[in-house]
Every structure is written in structure tokens, then in C-alpha cells.
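FYI, it's all coordinate maths here, none of it is from the lab. Not measured: the values here are computed from a predicted model.
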Amino acid sequence: MYELQDAAPAERRGLLRVLLAWLGSVPTDPAGHDRLLQHTVGRGGNDASIMTHPGGSAPTYAAVRIADSSGALGAIFAALCCAGTPFIVAGLGAGGLGFLKNDAILWPLMFLSLAVALWGFWMGRRIHGLSGPLVIAAVGALALIAGVVFIHGFPAIQVIWSGVGALLSATVWNVSARRRRAAPSQ
């Protein structure tokens, strides 16, 4: 079986280029792939790799910029729909999308959204060096999963809403920290 570790460095950059082209914009010049990953000094003197456009230092790929917020919102929507939150269930019914209130659809959507969100928080940690948003998001993700899958009845609603609060606060913290890191210092 062909493994990525067996690939030559030039071939790995080609695979990275294909993946990034699938996720978002990639520089059009062929030599640009060497500058896709740049190193910046993070907090505490640790080096952290971040995805950037050539010549830039702030993350500019759409996948990195919106992964935490879109993943968190997708997971929150799925969890609240599983919990039977009236305004979401009514909105789905009014839009003719009542068939979406099915655990066979919502659970995979929630798990996939949480994976995207946690990847976004992890990338945010690599950019701004703060572990707080990632930890709070992980706790919120566990609360959503516990409230939807393992806990039932009224306590499940409380656990789900706690997870929603944790994910939303972690998202706001991560986005603001990422923007502060990208803002030019004066």
C-alpha cells in the first residue's frame, strides 16, 4: 500500500496542493506551493506552522478561517434538532425539511461538524498559541455528544445547552484571538 511517508518531498507538496485546491484557493504559480506553509513564532517561542498565501502571515484559506464557526454551528443545529427544540423543528417543518429530523441523518451531521470545528480550533491554536478555546470546545463537544447520545429526558436538554454555550464562547474567543494575531502591531 502506498503511504504518504513513502512519497518524496516534492510529491508530498503536490498532494498538499491538491488537498488545498479542493478546500479553497491556492496560488496559481507552480512555485507557490513551496510558500504555502510558513513558520511563525508562536507564544513562548514555539514554532507553529500555519497555512498562508505566499508572502502573507495571516491565515487566508477559507477552510481555516471558517472551520471553527461553521463546524460549531452545524453541530449545534444538529444537537438542538435532536433535542426537539421548537423553533428549529418548526422551521424545518415550515421549510418542508421535516425529514431531516431523523437521528440517522443528524448524528453523522453532528459528528462531522464537531470534527470540522475541532480541526478549526486546533488550527486556531497553532495560529494564536492559546489552548483555552480548544479545551472549551472539546468540553462543549463532549457535552453535545453526551446530551444527544447518552443522556435522555430533561437532563439531556441541560447538557446540550451547556455544550452549546461552551462551543459558542470558544468560537468567539478563537475568532477574536485569531483576528488579534492577524492584526498588524503598531
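For the range 143-186, the equivalent ellipsoid built from the Cα gyration tensor has semi-axes of 34, 7, 4 Å, listed from largest to smallest. Calculate I(q)/I(0) for the range 62-182 by the Debye formula, one identical point scatterer on each C-alpha and no solvent, and give its log10 at q = 0.14 Å⁻¹ to two decimals. Scattering profile of the range 62-182, log10 relative to I(0): -0.56.
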